[in-house]
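> Structure incoming, see below.
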Amino acid sequence: MTTRRAFIAGAVAVMAAPLAAQEKPAREYRIGVLDTVAEPANAANMTQLRKGLKDLGYVEGKNLVIEYRSAEARNNRYPALAAELVHAKVDLIIANGTPAALAAKTAAGAVPVVTATALDPVETGLVASLERPGGNVTGLGVLTHELEAKRVELLVALAPGRKRIAVLVNMKNPGLAETWKGIEAAAIAQGLEPQLINVSRPEKIERAFQAAVAKRAEALVVRVGALAEPDRRKVVDLAARHKLPAIYAQRQFVEAGGLVSYGMSTPEMYYRAATFADKILKGAKPGELAMERPTKFEFVMNRRTIRALELVVPPDLLLRSNEIVG
């Protein structure tokens, strides 16, 4: 009898063991996101980040918590926000943009940092090299010289005959300061006169346009970084008022009425950032994960603005465009 009872008890224990293992709560991971704008304005990017994480097994409410912090387009807010995320004991920080990534790198200490976008990460001192970043940072890096040359080329093709090009740049942003070098070189190579106009804060947008008009600018390259929607619309409205053809890096400007944008697909980069996060959460060292470069780019034009500026779009540009809005 004892033997039979022992057998039954053992069988029950064996059968219960898998159930107990299944009932064991999964570990909850905390991912901090350090971004430029508030989350509702960043919905397209965050949707792709969540999709990328979900595809890899991380689901909010189950084993994932996302701590989102926005600098509201104020670069001086990043250090305090990065420190706040560290204090919240996040497992890693996903940072959008060079200022956010630099602040996260400084504040994070041993906390890994994944860049969703970072301009010229080697030149800005964010990493030692793309192949072997070193330290606590890795992710997606953008080499701006190639991109800026392409933007100048597209602007010239869309608005030929212009010689003086005003370049609105936030020179306090280390990544954007690097873009000026690429734009200047590309413009000079095409026989243009690039005019640098520093726009370090949204409050200086109107003054920047006054300077562009005073310098008799005939076209614009806008590289002021991500802006809140009202400031983005102000840039677009001022370009329209002064009849200045302008090219932007983000499609949101074109959706707000800007002429044309060319840049990497930011939602795609957020999706790919999830892969870096997964590898790090599984034990990989960020300094040993080679940074990746964007592979998907968007060329978007606004039909209404093309007509308002009385421009004629060359057929090859129409074929190369990803989308025409308006």
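> In region 222-239, which residues are in contact (Cβ under 8 Å) with a residue 24 or more places away in the chain and open to solvent by 60 Å² or more (accessible area, probe 1.4 Å)?
Once the filter is applied, which keeps residues that are in contact (Cβ under 8 Å) with a residue 24 or more places away in the chain and open to solvent by 60 Å² or more (accessible area, probe 1.4 Å), region 222-239 yields Glu229, Arg233, Lys234.
> In region 203-219, what residues are open to solvent by less than 10 Å² (accessible area, probe 1.4 Å) and either among the acidic types (Asp, Glu) or touching a residue at least 60 places away in the same chain (Cβ under 8 Å) (or both)?
Ala219
> Residues being touching a residue at least 60 places away in the same chain (Cβ under 8 Å), at negative phi and small (Gly, Ala, Ser): count how many of those fall in region 79-100.
Within region 79-100, residues that are touching a residue at least 60 places away in the same chain (Cβ under 8 Å), at negative phi and small (Gly, Ala, Ser) number 2.
> Would you confirm whether or not region 5-26 contains a residue that is open to solvent by 60 Å² or more (accessible area, probe 1.4 Å), modelled with pLDDT under 50, part of a loop (DSSP other than H, G, I, E, B) and not small (Gly, Ala, Ser)?
Yes: one or more hits.
> Let me confirm something: among Glu84, Glu131, which residue is open to solvent by 10 Å² or more (accessible area, probe 1.4 Å), more than 23 Å from Glu268 (Cα to Cα), out of contact with any helix residue (DSSP H, G or I) (no Cβ under 7 Å at 6 or more places or on another chain) and not β-branched (Val, Ile, Thr)?
That would be Glu84, the only listed residue that is open to solvent by 10 Å² or more (accessible area, probe 1.4 Å), more than 23 Å from Glu268 (Cα to Cα), out of contact with any helix residue (DSSP H, G or I) (no Cβ under 7 Å at 6 or more places or on another chain) and not β-branched (Val, Ile, Thr).
> Quick check on my filter: what residues within region 92-122 are part of a loop (DSSP other than H, G, I, E, B) and either open to solvent by less than 10 Å² (accessible area, probe 1.4 Å) or in contact with a Leu (Cβ under 6 Å, 6 or more places away or on another chain) (or both)?
Those that are part of a loop (DSSP other than H, G, I, E, B) and either open to solvent by less than 10 Å² (accessible area, probe 1.4 Å) or in contact with a Leu (Cβ under 6 Å, 6 or more places away or on another chain) (or both): Pro112, Ala118, Asp120, Pro121.
> Look through Glu67, Glu148, Glu84, Glu131 and report the one residue that is assigned to a loop (DSSP other than H, G, I, E, B) and among the acidic types (Asp, Glu).
Of the residues listed, the single one that is assigned to a loop (DSSP other than H, G, I, E, B) and among the acidic types (Asp, Glu) is Glu131.
> Got a number for residues in region 296-318 being without any contact (Cβ under 8 Å) to a residue 12 or more places away in the chain and closer than 24 Å to Glu268 by Cβ?
Selection size over region 296-318: 1.
> Something else about it: Return yes when Gly125 is over 19 Å from the mean Cα position of the chain (by Cα) and open to solvent by 30 Å² or more (accessible area, probe 1.4 Å) and no when it is not.
Answer is no for this residue.
The values are calculated or read from the model by the stated rules, or taken from the named source; none is laboratory data. Keep in mind the model is a prediction, meaning the values are calculated, not measured. Ideal geometry is used to build each Cβ from the backbone, glycine not excepted, and the neighbour counts take in all protein chains shown. What goes into the accessible areas is simple: the full protein's heavy atoms, side chains included, and nothing from ligands, DNA or RNA. Shrake-Rupley method; radii C 1.70, N 1.55, O 1.52, S 1.80 Å.
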